[in-house]
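The values are calculated or read from the model by the stated rules, or taken from the named source; none is laboratory data. These figures come from a predicted structure and were not determined experimentally. Cβ: placed from backbone, ideal geometry, glycine included. Neighbour counts: every protein chain shown. Areas reflect the complete protein model, heavy atoms only, side chains present, ligands, DNA and RNA absent. Shrake-Rupley method; radii C 1.70, N 1.55, O 1.52, S 1.80 Å.
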Amino acid sequence: PHRFGAADRYVGHFRRYSRAGLLDVLRSAGLDEIRIVTYGFPLGYLLEGLRNVILGQRESRASEAMEDRTMASGRRLQPGGRWALAIWAATAPFALAQRPFGEGDLGTGFVACARRPDLRG
């Protein structure tokens, strides 16, 4: 939560969670078998800082509905075509390097997987 910044506001994020806060939200929603993995260490810190500087300098998007910004949040600043392939190739070593840190708190984001108890089969 303490790293909520310009890039978050730009794409329509409402909040950031700590690992403990996300776990609490998932449990209060009735989910179990929860696994939370951290991503974005170490390269994510640099990229997040750059996005906050770039997007902090851009004109406010306050006129655009928060819902529209949120729905587009995964697609902002994402190049396509050959650039996407080049970026994937350049960042692949960092994706491998972050794996040992997935269970800790170093990183810029979380991915959570959980199960609804009523859907066990």
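When each of 84, 112, 92 is tested for being out of contact with any Ser or Thr (no Cβ under 6 Å at 6 or more places or on another chain), under 22 Å from residue 18 (Cα atoms) and open to solvent by less than 60 Å² (accessible area, probe 1.4 Å), the lone residue that passes is 112. Out of everything in the stretch 31-45 that is part of a strand (DSSP E or B) and farther than 12 Å from residue 98 by Cα, what residue ends up being most open to solvent (accessible area, probe 1.4 Å)? Within the stretch 31-45, the match that is most open to solvent (accessible area, probe 1.4 Å) is 35. Listed by first and then second residue, the pairs linking a residue in the stretch 1-18 that is free of Cβ contacts under 8 Å to residues at least 60 places away in the same chain and assigned to a loop (DSSP other than H, G, I, E, B) to a residue that is open to solvent by 40 Å² or more (accessible area, probe 1.4 Å) and among the charged types (D, E, K, R), with Cβ atoms under 6 Å apart and 6 or more places separating them unless they lie on different chains, are 1/16; 4/16. The combined condition, being of a type in the set (Ser, Thr, Tyr), open to solvent by less than 80 Å² (accessible area, probe 1.4 Å) and at pLDDT below 90, is fulfilled by residue 70.
Test residue 50 against the criterion of being among the aliphatic types (A, V, I, L, M), in a loop (DSSP other than H, G, I, E, B) and modelled with pLDDT of 85 or more, and give yes or no. For residue 50, the condition - among the aliphatic types (A, V, I, L, M), in a loop (DSSP other than H, G, I, E, B) and modelled with pLDDT of 85 or more - is not met.
Residues in the stretch 85-121 that are of a type outside the set (Lys, Arg), in a strand (DSSP E or B) and out of contact with any helix residue (DSSP H, G or I) (no Cβ under 9 Å at 6 or more places or on another chain): 111, 113. Only a single item in (1) at pLDDT 85 or above; (2) surrounded by 15 or more Cβ atoms within 10 Å (Cβ to Cβ) is not met by residue 10, and it is number (1).
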